[in-house]
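Working notes for the structure below.
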Amino acid sequence: MSTSALAIEMRQIRKVYGRDVVANDGIDFDVRFGEVHCLLGENGAGKSTLMKILFGLVQADEGEIFINGNPVKFLSPSDAINGGIGMVHQQFKLVPSLTVLENIALGLNEKKLGKIESEFGRVCLEYDVDIDKNKKVKDLPAHEQQLVEILKLLCLGQKILIFDEPTSILVGEQIQQLLKRLKEWAKMGHAVVFISHKMNEVLEVGDRISVLRNGKKVACVEGDGIERDKLIELMVGEDFKEYKRGEEKDLSSAEKILQVDNLSVKNQENKFVLEDVSFSVREGEIFGIAGIQGNGQDALVEVITGTNPESIRITDGKIELEGINITGFTSSKIESKKIDLGYIPPKAKDIGVATTLSVKENLLLRGWSQYGNVFVNWRKLYKRADELIEKYNISVPSKEANVSTLSGGNRIKIILARELSRQTKLLVIFDPCTGLDVKSIEFFKKNLLELAKNNNTAILLVSNDLDLLFDVCDSLGVIFRGKVLPYQSSDGSFKMDEITNMMTGGE
Amino acid sequence: MGRKLLSELISTLIIIIIVMIAASLLFMLAGINPIEAIRLIIYGALGRTRGISESLIRAIPITLIGLSVTIAFRAGLWNVGGQGQFYAGAIGASFIALFFPMTRIIHLPLLFIAAFITGGIYAGIAGFLRAYMRVNEILSTLMLNFITLWLTQYLATGPWSDPGRIIVATAFFPDSARLNRLHDTVRVHQGLYLALLCVGIVFVILNYTVYGQKLKVLGANLTAAKYAKINIKKKIVTIFLLSGGFAGLAGAVEVSGVYYCLRNGAFPIEAGYGFIGIGAALMGMLTPVGTLISAVFFGILIAGSSYLKTVVDLHGHTVNFIIGLLIIGMVARHLFRPKIQKFLDKVLFGKKELTERGTSSGS
């Protein structure tokens, strides 16, 4: 493979934001046709900046780019597209109300629908993809939407494909399938760039792996024969410990903090989003609910925490928190009963903070009564804020800075700091790790385990990240089409294939 | 924060300059030397004791309505019914002033409490509709404006009118229901203290109370507000009550400090206070102190322009035109604030904004 021609060559790329934030510091990066080249690094390492430069979204301060050996200067994405580069962004650039074929047509210069249709058919055949071209994009599950996004590029005939954290929206089987496809496409002669911070995926798919850290390229290694630990060390730059749960806990005698009985919830169209859901979380227990996005987990955490929209209503069943019936309560009504629960919501970086307010004001959110009933005790809050900012390693320009100026990772850290530090009896967490770097995830896991162990906090953890769930949960349930099934493993330990099977509806 | 303030000030200044250019063209059309006109406005408002007094008289109700707007807008609620709540307050105040004579020390406070309550409840109607029936508050508050405007007209010309007076109005308030003038020679009255007190109160509410924090969270993001354990419906209603209350006070200071009676409500300047208040609040960056400063600015503009009218031949509505332009400018600035901020950052502080976002531009 090393004999293949260079598709991309980036030389000594340097990019400085503002006066002194060096995002890329003299990075060399090249990709050959026929290989999958992984770009590995933590959030903020400079991966995205490098790819934005390649795709014409950002201009480099210094450095040269060659495509197929020719020097290029991309001033906009359309330049890059004309240069044969295709990028699959984390947020899809699709029109949800149009059909698959119509979306494909939008990306092409061809005007005749018949021609587009035959071209689409040819590409699907060549790349062995099966998708209903007349379905509206909004009716497709996320992984198929992603496929449409990729097909758009393939129909355009792009030979260079860049994938920006493509697996973040996928689970289990779907990830495997995408990785398999990437490898196939590389074999068919494409140059594939795969951006990720997930070690397992990078190890599986990468022919070569370039590691970025703090804006510098620290290594470019062959994918075969590299050790996972070695790679982590390259990426993080130091030794670090992976946290996992300790010995089995005996929780049978512990008090039940959260008890959900036969809960059924219907949406606006009178369809069940949750059906006959029962489970409980005990003191000191971390109970995980695994599931693919869109199986009712949003509604589940919303009705428990009292943040559900009015269109969603409980039709049957009961929710008890600390022995008090809170079925159908709004979050403010729960508070009026003098009970409190910690909650890290879905899409936390958008709804877990009020972005137009300052960091200190956001640390106050939800913990109102801690800092006064009528007047806010700012002095107390300031002190607390300092502690939290240090403990949770949140990088903020100042406590007065608007949260909108912070990166997603730091916003999530603010939410984690606030909710974890309130020491409530129950903590409800929804997909906390999206947007966090490796070190922060480990730190988060460590905190969760400590909370459960030392404070006897009952923790309900809803996620599609099986690695996370396996690492911290005492017991697991799977949510599928609005039903929560308890997971009984065949031999006591969690099994990836069994869970994935349950998540996708197999028995 | 300093940088943000600076770019806000600069953008305000740019809009004032644009409006001044537009006003100059207008003056030229009317055959008046614009520089002379601006000089006369400034002299009329600030060059004489009387001018300063007149400026402050205008600034008082504008401040109070501006505070009303500040409270509502900070909560993301578009209360544009300051005008209607102003009249509601004026009616409430007049009711107490005319029909419940008592000693001054009780009468005056009672009058203001009544104005606060009537203004508040009047806005509360829109708040209730918004919270429980999802009626757009811009439409409801705007339309409610007309009801109290014409109700004022009706009361002043009908049941409450005093046939003995030359103008169509109620009888004069008893002395116990009048705000004293600060000095015999000027018209500016004790309402000034009330306005300053209210600026202080709103400042404390917004910055130092749990209520104020919740209000701002509500304004930032509705989903986040629900997440933050805020009883959204109740909060919306109470914010309207509070907001309308301050607009109601504006009506009270006018009847009890300037006219000593309730009269035909459709006078040009007065009928514009509600909207000038929006301009002042936005120009003041939705902060109480900023609102106060902007209100004084608008007061100066109004007082100076009425002086201008007396010395040159100018149509009375020219001033309203300029004020209207300023308000539009301020609304536009508010809507495009992020873009303006970005642009000014670029111009003032080098090529790229240097925010924390830059440091972690990774995926």
Apply 1/(1 + (r/R0)^6) to the Cβ-Cβ distance of A:Asn456 and A:Gln293, taking R0 = 25 Å, and write down the FRET efficiency to the nearest 0.05. 0.20
Mind checking which of B:Gly245, B:Gly212, B:Gly84 has the largest fluctuation in a GNM of chain B, springs on alpha carbons under 10 Å? B:Gly212
Can you return the aspartates and glutamates within cross-link range of A:Lys360? Criterion is Cα-Cα under 13 Å, with same-chain partners fewer than 8 residues away left out. A:Asp386, A:Glu387, A:Glu400
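At a 10 Å Cβ-Cβ cut-off, how would you order B:Tyr211, A:Tyr343, fewest neighbours first?
B:Tyr211, A:Tyr343
With the cut-off at 25 Å, report for the stretch B:33-311 the share of all Cα pairs above it, as a whole percent. Let's see the in-between values first.
Working: 17444 of 38781 pairs.
That tail contains 45 percent of the Cα-Cα pairs.
Expressed as cubic angstrom per residue, what is the convex hull volume of the alpha carbon set of the stretch B:1-111?
Values: hull volume 23.3 nm³, N = 111.
Per residue, the Cα convex hull of the stretch B:1-111 comes to 210 Å³.
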With the convex hull built on the Cα atoms of chain A, state its orientation-averaged projected area in nm². 25.6 nm²
Identify all aspartates and glutamates with a Cα-Cα distance to A:Lys115 below 20 Å; exclude those on the same chain that are fewer than 8 residues away in sequence. A:Glu102, A:Glu126, A:Asp128, A:Asp130, A:Asp132, A:Glu149
Extent along principal axes [Cα atoms of the stretch B:190-342; Å; largest to smallest]: 59, 42, 24
Choice from B:Gly158, B:Gly81, B:Gly251 showing the highest fluctuation, given a GNM over chain B with Cα pairs closer than 10 Å: B:Gly158
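Of the peptides B:163-170, A:39-46, how do they stack up when ordered by the mean number of other Cβ atoms within 10 Å, highest first? Numbers along the way, then the final one.
On the way: B:163-170: 12.4, A:39-46: 27.0.
The densest-packed peptide leads the list: A:39-46, B:163-170.
A 20 angstrom limit on the alpha carbon distance is what I want to check against. Which of B:Lys216/B:Lys342; A:Lys249/A:Lys445; A:Lys230/A:Lys446 exceed it? Let's see the in-between values first.
Values: B:Lys216/B:Lys342 23 Å; A:Lys249/A:Lys445 17 Å; A:Lys230/A:Lys446 22 Å.
Among B:Lys216/B:Lys342; A:Lys249/A:Lys445; A:Lys230/A:Lys446, the Cα-Cα distance tops 20 Å for B:Lys216/B:Lys342; A:Lys230/A:Lys446.
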With viscosity set to 1.567 mPa s at 4 °C, what whole-number translational diffusion coefficient in µm²/s follows for the protein assembly as shown from Stokes-Einstein and a Kirkwood radius over Cα pairs? 42 µm²/s
Connecting every pair of Cα atoms under 10 Å apart in chain B and solving the GNM, the largest mean-square fluctuation among B:Ile57, B:Ile328, B:Ile276 falls on B:Ile328
Given charges at beta-carbon only (K, R positive; D, E negative), |dipole| of chain B in Debye: 1260 debye
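List the pairs from A:Lys266/B:Lys229; A:Lys439/B:Lys339; A:Lys47/A:Lys152 whose alpha-carbon separation is above 27 Å, in the order I gave them.
On the way: A:Lys266/B:Lys229 23 Å; A:Lys439/B:Lys339 35 Å; A:Lys47/A:Lys152 24 Å.
Violating the 27 Å limit, Cα to Cα: A:Lys439/B:Lys339.
Laboratory data are not the source of any read-out in this text; all were calculated from the coordinates shown. Because the structure is a prediction, the values reported are computed rather than measured. Cβ: placed from backbone, ideal geometry, glycine included. Neighbour counts: every protein chain shown.
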